[in-house]
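The values are calculated or read from the model by the stated rules, or taken from the named source; none is laboratory data. Worth saying up front: this structure is predicted, and the values here are computed from it rather than measured. For neighbour counting, all protein chains shown are included, and Cβ atoms are generated from backbone atoms with ideal geometry for every residue, glycine included. Each accessible area value is taken on the protein alone, full model and side chains, heavy atoms only, with ligands, DNA and RNA left out. Shrake-Rupley method; radii C 1.70, N 1.55, O 1.52, S 1.80 Å.
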Amino acid sequence: MTEKKFAVINPCKICQPMGAIFALMGVKNSMPLIHGSHGCSTYMRFQLGRHFKEAVNVASSSMSEANAVLGGEENLKHAIRNVSKIYGPEIIGVTTSCLSETIGDDVEGIIRLFKTQNDDLPEIVPISTPSYKHTHVEGYDSTVKALVENLATPSKPNSKLNVITGMVSPGDIAETKRILREMGIESIILTDTSESMDAPFDGEVSFVSSAGTTVEELKDTANSFATISLCKHANSAAKFLHEAYGINSVSPYLPIGLQSTDEFMNELCKLTNKEIPEQITRERGKLIDAMIDAHQHNFGRKVAIYGDPDVVVGFTRFVLELGMIPSIVCTGSESKTFVEDIKAVTKDSKHKPVILAPGDLYDLHQEIKKSKVDLLIGNSYGSRIAGAENIPLIRMGFPIYDRVGAQRITSLGYTAGIRLVDTITNTILDRYFDEFGWALNENTEVDHGEFESSNCIN
Ligand code: SF4
């Protein structure tokens with residue numbers, strides 16, 4: 001292995017404000033404002049725009065070198081005033097950056113005082129996202145927490161379930177909402193990008209988020225009967241709502257594949273005393289059927305999975321269900337939960353994956369060179385590794401910028417599981433089998449050893 005000379009090469013993570021803005025895109029009539037230099041906002045807009053293929057507006061307090069010395073208070077107040085006047089948002093989420101955090105601007109204090117001096121401002125939520133620590137995942141988590149911390153207002157019970165989705169696709173949020181509708185569960189989605197980041201073309205231009213969770217719904221989260229966090233790394237808002245208002249909360253695995261979706265459905269049943277409807281049961285049966293059909297092609301194939309921690313855990317569990325071997329798992333987050341979850345979901349497998357946490361794409365590439373895999377699952381950042389090693393890549397997670405349709409890719413629930421089985425299997429067939437179905441050109445030696453009963457469908 002080439003000696004690694006730097007702390008991180010090709011990071012498997014992005015800075016915190018990215019996650020913050022991702023979350024704010026799911027709040028209706030919102031405008032994100034980065035308190036920092038304007039390159040930060042340009043980067044966020046560029047990256048989110050090429051992933052979602054939607055216009056993304058991110059304001060900036062446009063700090064200069066003088067502000068770096070004297071502080072950015074005046075810039076921030078000007079920015080809030082301008083954004084309020086020009087775009088008329090219902091809510092502004094002010095996220096910090098490397099610069100404003102390093103010089104120590106008291107963003108919360110500035111906003112509190114500014115609001116007392118101006119009664120014509122929209123809701124303004126300060127969000128601390130120091131970019132030199134943690135990742136976009138923590139930025140998302142802090143933002144959802146800041147939204148409920150600042151807005152949740154107890155009044156009367158609303159019989160709704162708060163659902164924190166994490167950084168999943170608009171398609172996944174739409175699918176989660178469909179499942180909840182099938183179950184007859186009323187919900188508040190935190191935060192809902194299903195329409196704002198996968199918007200129909202109607203000729204209208206909106207500078208603020210055109211759809212999503214409303215401010216009223218955010219206020220109403222204090223009156224829900226429970227909160228379910230689909231991502232364990234996005235459950236701080238659930239913890240806050242529990243501590244502040246006694247709202248019960250659960251955080252199962254991200255419902256990718258059979259077992260995790262089963263657990264998600266069971267949690268919904270326990271929380272609501274409702275039964276799983278026939279339609280969902282049929283979808284489950286179809287997923288099992290697809291897994292059985294595909295098993296002969298996927299069995300023993302080695303996979304490297306990288307990206308956000310909950311997504312990687314979800315896919316690790318799923319590929320095991322398909323009889324595949326998760327050889328290497330990599331995330332940019334330094335997370336004990338991730339390591340524990342990977343160990344838990346692979347505990348009955350004789351193949352233990354190499355765990356890179358925190359890891360970068362350089363580490364991932366070196367491990368792939370050593371152990372060889374048949375398939376990569378992860379975001380577009382891995383496409384160069386895929387090209388260099390001639391390994392097919394199934395693009396999942398965030399960001400996906402070298403293919404269209406990222407906003408429509410789904411991985412949550414039984415129906416998405418069926419599509420995933422098809423995608424994974426057809427990719428394997430395309431690369432490793434000829435037109436008559438004969439195996440060719442093996443990249444790795446397929447492990448035909450003892451089949452793990454724990455991975456069987458039963
Ligand atoms: S790492 Fe810091 S400077 Fe770079 S985009 Fe993120 S917040 Fe801005």
Summing +1 for each Lys or Arg and -1 for each Asp or Glu, what net charge is found among the other residues whose Cβ lies under 12 Å from the Cβ of residue 134? -2
Karplus (6.51, -1.76, 1.60) ³J(HN,Hα), θ = phi - 60°, over the stretch 304-313, in Hz, Gly and Pro reported as x: 10, 10, 9, x, 5, x, 5, 5, 5, 4
Within the chain, what whole-number % of the accessible surface is contributed by carbon and sulfur, with the 1.4 Å probe and all protein chains included in the calculation? 49
Provide the per-residue ³J(HN,Hα) series for the stretch 46-62, in order, calculated from phi with Karplus coefficients 6.51, -1.76, 1.60 and θ = phi - 60°, each as a whole number of Hz, with x at glycine and proline positions. 4, 5, 5, x, 6, 7, 7, 6, 10, 5, 10, 10, 9, 7, 9, 7, 6
Cα convex hull volume per residue for the chain (Å³): 152
Label model pair residue 159, residue 204: point-to-point distance (7 angstrom along the Cα→beta-carbon line) in nm is 3.0
Residues meeting the amide H criterion for residue 356 (H placed from the backbone, H to H distance under 5 Å, 5 or more places apart or on another chain) are 329, 330, 331
Counting only DSSP beta bridges with both residues in the chain, tell me the antiparallel percent, nearest 5. 5
Considering the Cα positions of the stretch 16-151, please state its Rg to one decimal place and its Dmax as a whole number of Å. 13.5, 39
Run the simple label-point estimate for residue 38 and residue 282 please: 7 Å along Cα→C-beta, distance reported in nm. 5.5
Pairwise Lys count, the stretch 16-151 - Cα closer than 20 Å, eight or more residues apart or different chains: 7
Sequence order, the stretch 121-130: Karplus ³J(HN,Hα) from phi using 6.51 cos²θ - 1.76 cosθ + 1.60, θ = phi - 60°, Hz rounded, Gly and Pro as x, gives 8, x, 4, 10, 10, x, 10, 7, 9, x
Where the chain is the region considered: accessible area per residue in Å², 1.4 Å probe: 42
Taking R0 as 56 Å, what's the FRET efficiency between residue 69 and residue 390 from their Cβ-Cβ distance, rounded to 0.05? 0.60
From the cross-link list 239/343; 160/232; 302/369; 343/369; 286/352, the entries with a Cα-Cα span beyond 19 Å are 239/343; 160/232; 343/369; 286/352
Residue 370 and residue 78 label points (each 7 Å along its Cα→Cβ direction) are spaced in nm at 5.3
